[in-house]
Ligand SMILES: NC(=O)c1ccc[n+]([C@@H]2O[C@H](COP(=O)([O-])OP(=O)(O)OC[C@H]3O[C@@H](n4cnc5c(N)ncnc54)[C@H](OP(=O)(O)O)[C@@H]3O)[C@@H](O)[C@H]2O)c1
């Protein structure tokens, strides 16, 4: 009896091991590094959520290319640590910090007012900041915290910088979405509703719909807009998941998932690659364009979502585009 149990256990462990090894090689084989050598001396890049994960490695790459990089972060200590590390690794001293909290519309407005006043031009705006696994709950703006962090704040931030972006053109707005947006089916009724299991996917679907609608609205300008799925990456984003789950999941993620540096490659590609400089409103993964998800094809809905978002973030008439 004991022997047959041990046998079953042995085969189970071998099976799980084989599956893990398969996924590791599958994910690593798919990984396609950005091969662009674009120099960014004299260019200005804003990276939101730049203190860690994909945002940090994107900012480091732009710094190595010689750009002036603005780290848009909420935590001053973490932002300073990232800034020091980027300066040390890149040898580029032109790295600065602007504090912004994506759970506050007031903070987004103050950040944009500051950028509009102090930054001469923006060559790349990388909307990267995001969160997952947070408990549902309203912020002081009456918006769900995950909705606000992942979708409403990047929406408001981009709209409030649009005039500056238009004057800066050719320039790029790069939105970090996710394949989770493919599995999602958001509606006007579910926008800003609290649903722990769906909210992340909904916000990521909205990032892509926003990208398409913004590209449409800016089609006669030199502002190009991109959405991307970075892949499955081992970063801090998973830290809000239940502890018991992380105990099992973290070792697996470390083994299977891409590193944050590997995960930053498509963000970098969309920000600097010459091949896509004339594209706008498209979706990318593994440093190449991919077919638009079915869930993000309805442009009538994209327009309605845009208008609803403008109302929810309380855009004034003269700020609407
Ligand atoms: N990791 C993946 O597998 C994966 C897959 C698909 C898409 N993505 C997307 O990739 C982007 C980057 O994620 P990541 O994996 O690099 O995660 P991460 O390491 O957790 O980085 C997220 C960044 O966003 C910042 N952030 C979170 N809430 C914020 C707020 N209220 N105000 C200002 N900044 C805030 C974080 O700041 P703090 O350090 O202060 O929290 C951090 O700098 C996200 O948009 C995510 O949805 C990730």
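The values are calculated or read from the model by the stated rules, or taken from the named source; none is laboratory data. As the structure is a prediction and not an experimental result, all values here were calculated from the model. No Cβ is skipped: glycine too gets one built from the backbone with ideal geometry, and neighbour counts run over all protein chains shown.
Observations on the model:
- The lone exception for residue 157 - which of (1) within 17 Å of residue 225 (Cβ to Cβ); (2) touching a strand residue (DSSP E or B) at 6+ places or on another chain (Cβ under 8 Å); (3) without any contact (Cβ under 8 Å) to a residue 60 or more places away in the chain it fails: (3)
- Each residue in the range 117-143 was checked for being touching a strand residue (DSSP E or B) at 6+ places or on another chain (Cβ under 8 Å), closer than 30 Å to residue 224 by Cβ and more than 12 Å from the ligand (Cβ to nearest atom), and 7 of them qualify.
- Just so you know, in the range 86-105 the residues that are more than 15 Å from residue 44 (Cβ to Cβ) and more than 21 Å from the chain's Cα centre (by Cα) include one that is farthest from the ligand (Cβ to nearest atom), and it is 91.
- For residue 192, the stated conditions hold: it is surrounded by 15 or more Cβ atoms within 10 Å (Cβ to Cβ), on the phi > 0 side of the Ramachandran plot and either outside any loop (DSSP other than H, G, I, E, B) or away from the ligand (no atom under 11 Å from the Cβ) (or both).
- Selection status of residue 67, under 21 Å from residue 176 (Cβ atoms) and either in contact (Cβ under 8 Å) with a residue 24 or more places away in the chain or more than 14 Å from the ligand (Cβ to nearest atom) (or both): yes
- With respect to the conditions (1) assigned to a loop (DSSP other than H, G, I, E, B); (2) at pLDDT below 95, residue 38 lacks only one, and its number is (2).
- On the stretch given as the range 144-171, residues that are farther than 18 Å from residue 68 by Cβ, touching a helix residue (DSSP H, G or I) at 6+ places or on another chain (Cβ under 7 Å) and away from the ligand (no atom under 16 Å from the Cβ) total 1.
- Once the range 50-60 is narrowed to residues that are surrounded by 21 or more Cβ atoms within 10 Å (Cβ to Cβ) and not in a helix (DSSP H, G or I), the residue that is farthest from the ligand (Cβ to nearest atom) is 50.
- Taking the range 61-84 as the range and being part of a helix (DSSP H, G or I) and touching a helix residue (DSSP H, G or I) at 6+ places or on another chain (Cβ under 8 Å) as the test, the residues that pass are 61, 62, 63, 64, 82.
- Selection of the range 222-270 for residues being more than 30 Å from residue 165 (Cα to Cα), away from the ligand (no atom under 13 Å from the Cβ) and outside any helix (DSSP H, G or I) yields only 242.
- Meets criteria (modelled with pLDDT of 95 or more, in contact with a strand residue (DSSP E or B) (Cβ under 6 Å, 6 or more places away or on another chain) and surrounded by 16 or more Cβ atoms within 10 Å (Cβ to Cβ)) for residue 295: no
- Hits in the range 172-189 - residues which are more than 17 Å from the chain's Cα centre (by Cα) and crowded, with 23+ Cβ neighbours inside 10 Å: 186
- Pairing residues of the range 29-54 that are on the phi > 0 side of the Ramachandran plot with residues that are within 15 Å of the ligand (Cβ to nearest atom) and in a loop (DSSP other than H, G, I, E, B), at Cβ distances under 7 Å and at least 6 apart in sequence or on separate chains, gives 49/128; 49/129; 49/130; 53/235.
- Odd one out for residue 274, checked against (1) more than 13 Å from the ligand (Cβ to nearest atom); (2) out of contact with any helix residue (DSSP H, G or I) (no Cβ under 6 Å at 6 or more places or on another chain); (3) not in a loop (DSSP other than H, G, I, E, B): (3)
- Note on the range 115-129: residues that are surrounded by fewer than 21 Cβ atoms within 10 Å (Cβ to Cβ) and in contact with a helix residue (DSSP H, G or I) (Cβ under 9 Å, 6 or more places away or on another chain) amount to 4.
- Taking residues in the range 1-23 that are in contact (Cβ under 8 Å) with a residue 60 or more places away in the chain, and partners anywhere that are surrounded by 10 or more Cβ atoms within 10 Å (Cβ to Cβ) and in a helix (DSSP H, G or I), the pairs with Cβ atoms closer than 8 Å and at least 6 places apart or on different chains are 20/252; 20/255; 20/256; 23/256.
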